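Heads up, the thing below is written out as structure tokens.
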Amino acid sequence: MNETQTQLKLPNDVISPTDIYRLIRELDMLDDFFRQSEIRTGGTPQAPPRYSRLLDSVVTLNEVNLLDTRQRQVLLDQFKEISEHSPVLHMSFSVDPPGAYVQKIVAWLRENIQADILLRVGLQPNIGAGCVVRTNNHAYDFSLRKFFDSKREYFGKKLHDAVAAQDTSFGDALDPNILSQAPINQVDVANAQAPAVTQSTPQEQDQQPEELQTATAVQQNGGQV
């Protein structure tokens, strides 16, 4: 890496300010190890600490030689510059988005807005779907909750029309003749429910019990004993 280089290329897996803070701390530890190695007496070799995948991505992308003290210092200064001055965008989702999805967002932001922009991802379950984007002085709500709120009057009218149509179809299903039909004559109902009286022959009367014969005779004489 050229020592006069002022623009650091950030890989897409370096996403948030937290990632930058980790890189600064890791690079500080690596720089301390090399400084101590310079003053350490001979005959006590030690393996350098293994650095993370994030630092390896930055080093590979920017072609940095970590064995070079000046290049390490330039890289450290650039990390600190990014942590203090780079814009930070906040995006909230209803669920935790996959890492590959977040990296695609970061790639688009760095290509179309600013090359060193950082992204904080948060959770806001009550938005339903979509996302809410915030900067230092603006907020943009692209959530499903916001969409429904903006269409409240429209959905209310549609719901009212659907209920009215259902009530109309229920009324049409009723036969008007049923509602206007006169009540049935109570005498007809009584006659329909009363059992028919049959005349019994003298032979059948002789076979009936005495109480039943008396009741039958009274009924045939019109109720006179």
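Observations, loosely collected:
- In segment 135-168, the residues that are of a type outside the set (Gly, Ala, Ser) and touching a Gly at 6+ places or on another chain (Cβ under 9 Å): 141, 142, 144, 145, 146, 147, 148
Let's see how each residue does on (1) in contact with a Lys or Arg (Cβ under 8 Å, 6 or more places away or on another chain); (2) closer than 26 Å to residue 29 by Cα; (3) not hydrophobic (A, V, I, L, M, F, W, C):
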{"residue": "47", "(1), (2), (3)": "no, yes, no"}
{"residue": "78", "(1), (2), (3)": "no, yes, yes"}
{"residue": "92", "(1), (2), (3)": "yes, no, yes"}
{"residue": "107", "(1), (2), (3)": "no, no, no"}
{"residue": "115", "(1), (2), (3)": "yes, no, no"}
{"residue": "121", "(1), (2), (3)": "no, no, no"}
{"residue": "152", "(1), (2), (3)": "no, no, yes"}
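- Filter result for residue 40 (at pLDDT 90 or above and not assigned by TED's automatic domain parsing to the domain that holds residue 133): no
- Residue 69 meets the conditions (1) over 19 Å from residue 15 (Cβ atoms); (2) among the hydroxyl-bearing types (Ser, Thr, Tyr); (3) without any contact (Cβ under 8 Å) to a residue 24 or more places away in the chain in every case but one. The failed one is (3).
- Where residue 75 falls short, out of the listed (1) touching a helix residue (DSSP H, G or I) at 6+ places or on another chain (Cβ under 9 Å); (2) loosely packed, with under 12 Cβ neighbours inside 10 Å: (2)
The values are calculated or read from the model by the stated rules, or taken from the named source; none is laboratory data. Being a predicted model, the structure only gives us computed values, none of them experimental. Cβ sites come from the backbone with ideal geometry, for glycine too, and all protein chains shown count toward neighbours.
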